[in-house]
Amino acid sequence: MGRSFGDLFGDTFNEYTKKFIPILKIFVFLYFIPLIVISILLVVIFAGAFSSLGVSLLKTGSVDLSQIVLDQGSAGFSVLLFIGIFLFVIALGVFYVLATVSYIYTGFSKPENLSFDKTFAFARKNFWRYAGLALLTIVCLIPLYMLLIIPGIIFTVFWIFSSYIFLSGNNGAWESMKQSKVLVKGKWWRVFGYGLLLSVIIIVISLVLKFVPFLGSIVSSLVITPFMILFFKNFYIDLKKNR
């Protein structure tokens, strides 16, 4: 029959509390610190390009964008700014993949066997493999979502466990997606319902945290993301046992 949503949620909460320290390390080293460093570098690039244009501020004491006059180098500034933002997004994407793989590894490991060195080594080793799986999934889902959205939702649910199958075994990306579809087949509405219910809970929490912007962002990355990964890992194991 399978476990109820409440049972899975409770188990996930207990697992999260037991593995909080390893999760916190992943958050600090693969999200928070990289975000701060990359943001500072982007500001430095922006400030350097901005000053190289010979910007003149006509008002002192405060920065008034309406007072800024740019010379003919504004086109070069725009290109440099675009490159800076592009590199910023790429860098964040790299650390996002590393963090996601690390959270999944944490989910399948026992608390006493977890260390950041082992976790990061696993994430580094599987970086390109996981990035390939993510890219393949996105490429397959884009045309499906263009077909009135519904086919995209259907196959998003079918492939929701691909990452766990992919990283817990030696299967290829496409094979993992096929196995996930087989696992979900016949239980699609249950998987969809659990995912929807979890999403509603997360949305409510996010709306509450919206009033504290900086804290909301931290909680989202430190709590919500790893909690969702652990929840669907437990759901995957439950479906596999009752297959």
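The values are calculated or read from the model by the stated rules, or taken from the named source; none is laboratory data. Remember, predicted model here, so these are calculated numbers, not experimental data. Here the Cβ is made from the backbone with ideal geometry for all residues, glycine too, and neighbour counts use every protein chain on show. Ligands, DNA and RNA are excluded from the accessible area calculation, which covers all protein heavy atoms including side chains. Shrake-Rupley method; radii C 1.70, N 1.55, O 1.52, S 1.80 Å.
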Angle check, please: helix 5-18 long axis (alpha carbons) against the longest principal axis of the chain (alpha carbons), in degrees 0 to 90, nearest 10. 60
Tell me the label-point distance for the pair LEU144, LEU215, using the 7 Å Cα-to-Cβ offset, in nm and rounded to one decimal. 3.9
Between ASN113, TYR96, GLY169, whose Cα lies farthest towards the positive end of the dipole of the chain when Lys and Arg beta carbons carry +1 and Asp and Glu beta carbons carry -1, centred on the Cα centre? GLY169
What relative contact order, as a whole-number percentage, does the chain give when Cα pairs under 8 Å and 6 or more residues apart are counted? 25
Using only Cα atoms and rounding to the nearest 10 degrees, what angle (0 to 90) does helix 74-108 make with the longest principal axis of the chain? 20
Counting only helical runs of four or more DSSP H residues, what would the 222 nm mean residue ellipticity of the chain come to if each run contributes -39,500 (n - 2.57) and the total is spread over all its residues? -24500 deg cm²/dmol
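Hey, which of these cross-link pairs are over 24 Å Cα-Cα: LYS178/LYS241; LYS110/LYS178; LYS25/LYS110; LYS181/LYS241; LYS118/LYS233? Walk me through the intermediate numbers first.
On the way: LYS178/LYS241 18 Å; LYS110/LYS178 28 Å; LYS25/LYS110 16 Å; LYS181/LYS241 16 Å; LYS118/LYS233 19 Å.
Violating the 24 Å Cα-Cα cut-off are LYS110/LYS178.
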In the chain, carbon and sulfur make up what percent of the accessible area (probe 1.4 Å)? 73
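On average, how much accessible surface per residue is there in the chain, in Å², for a 1.4 Å probe, leaving out ligands, DNA and RNA?
I get 59 Å² per residue for this part.
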For helix 188-209, what angle does its Cα long axis make with the longest principal axis of the chain, in degrees from 0 to 90 and rounded to 10? 40
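What translational D, rounded to a whole number of µm²/s, comes out for the chain from Stokes-Einstein when the hydrodynamic radius is the Kirkwood one over Cα pairs, at 20 °C and 1.002 mPa s?
Numbers: Rh = 20.6 Å.
Rounded to a whole number, D works out at 104 µm²/s.
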Given +1 on the Cβ of Lys and Arg, -1 on the Cβ of Asp and Glu, and no further charges, what dipole in debye does the chain carry about its Cα centre, rounded to the nearest 20? 960
Could you tell me the extents of the stretch 148-187's C-alpha atoms along the three principal axes, largest first, rounded to whole Å? 34, 19, 12
